[in-house]
Amino acid sequence: MDLRGNSVTWIGHGTWLWETSEGRRIMVDPWLKGNPSAPPDLHNPWPLDAVLITHAHFDHVGDAVDTVKQTGAHVVGIFEVGAWLESEGCQNVIQMNMGGTVEVAGCKVTMVTAVHSCGLLDGDKIVEGGDPAGYIIEFPDGLVVYQAGDTDVFGDMALIGEIYKPHVAVLPIGDHFTMGPRQAAHAVRLLGIKQVIAGHFGTFPILTGTPEQLRALVPATVEVPDMTPGITLSS
């Protein structure tokens, strides 16, 4: 996989750790200690320069507050999630919304649409968590990554492909709570992507999609590596 000197580690489920060719580190959706698929040696993958939150479900923000406080990283999220992080005592919070672009860890990060839900669990109640999101990450060396977050396929993925021209897409394929391999194959087509990293599968028995199933549904020219929690992909 051609990541232009950058690397990504799948910590498990929807949690990802990117390291730029310049040594800056970005974590997406910290769910560490409570994540049954996360290898124990990755429960504290410090240091971090930035944290990106796609949405407020427990399996994506379960360790967000502790992670941000312990690392001092800048944390990016939609306005409502940012407000919650600040209410929990986090600093360096960047609140944004769809279409906006900010710079963190030397990368340009743009928030884009996702089709999911985003309720925030507050005690035994679910409260407003804004809208779910994905991110386009533009690395200093020109690599463009589409980090989809939790989503179904949607037609405007074609616009994401047209506007941002990502080289790599990180897509959920588990089914049930996100799209499965069948829908993900259409996402690949809409995005015009040739390199796909699959996640959000295998954590629980209900998340049945696999990279092998996706690979069987896309052209042979599309690279879909096998993934296991803890694996690091690099060029």
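The values are calculated or read from the model by the stated rules, or taken from the named source; none is laboratory data. Being a predicted model, the structure only gives us computed values, none of them experimental. Cβ: placed from backbone, ideal geometry, glycine included. Neighbour counts: every protein chain shown. The accessibility values were calculated without ligands, DNA or RNA, using every heavy atom of the protein model including side chains. Shrake-Rupley method; radii C 1.70, N 1.55, O 1.52, S 1.80 Å.
Brief remarks on what is shown
- Pairs with Cβ under 7 Å, 6+ apart, first in the range 74-99 and surrounded by 18 or more Cβ atoms within 10 Å (Cβ to Cβ), second at pLDDT below 95 and assigned to a strand (DSSP E or B): Trp84/Leu120
- Set Val68, Val109: member being touching a Cys at 6+ places or on another chain (Cβ under 6 Å) and modelled with pLDDT of 95 or more: Val68
- Qualifying residue in the range 64-74 (condition: assigned to a loop (DSSP other than H, G, I, E, B) and in contact with a His (Cβ under 6 Å, 6 or more places away or on another chain)): no
- Only one entry of Gly142, Gly129, Gly149 meets the criterion of being surrounded by fewer than 14 Cβ atoms within 10 Å (Cβ to Cβ) and in a loop (DSSP other than H, G, I, E, B), and that entry is Gly142.
- Taken across the range 28-35, residues that are among the aromatic types (Phe, Trp, Tyr), touching a residue at least 12 places away in the same chain (Cβ under 8 Å), part of a strand (DSSP E or B) and open to solvent by less than 20 Å² (accessible area, probe 1.4 Å) do not occur at all.
- Condition check for Phe204: farther than 23 Å from Val112 by Cβ, open to solvent by 50 Å² or more (accessible area, probe 1.4 Å), of a type in the set (A, V, I, L, M, F, W, C) and at pLDDT 95 or above: yes
- Boolean, Phe177 is of a type in the set (Phe, Trp, Tyr) and open to solvent by less than 70 Å² (accessible area, probe 1.4 Å): no
- Selection within the range 18-29 - of a type outside the set (S, T, N, Q) and either more than 10 Å from the chain's Cα centre (by Cα) or over 22 Å from Gly209 (Cα atoms) (or both): Trp18, Glu19, Glu22, Gly23, Arg24, Arg25, Ile26, Met27
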